[in-house]
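Please read the structure below before turning to the comments.
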């Protein structure tokens, strides 16, 4: 495990050896192991580049269902056709 520490964020990178016959994405998700601990310490799963696919499952845990509903309502109001950043959390 390596990372880029900053004053208010860390950017962890898991360096895993190649295993013949095993898909890279099937060995466990580093965000799934790190983010719960970060949230427990009062941190955030988001950063200056947004949340990303690997961490969007933690949005409700961090912000709550009501706040997430407000965020989604704002997004729908600003992008009613869903053409901006398609495929992201909405």
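Legend: P(r) of segment 38-88 from all alpha carbon pair distances, 10 Å bins from 0, whole percents, reading 22, 52, 23, 3. Pairs of Cα atoms nearer than 8 Å and 6+ residues apart set the relative contact order; for segment 27-81 it is 27 percent.
None of the figures in this text is laboratory data; all of them are computed from the coordinates on show. Quantities reported herein were computed from a predicted structural model and do not represent experimental measurements.
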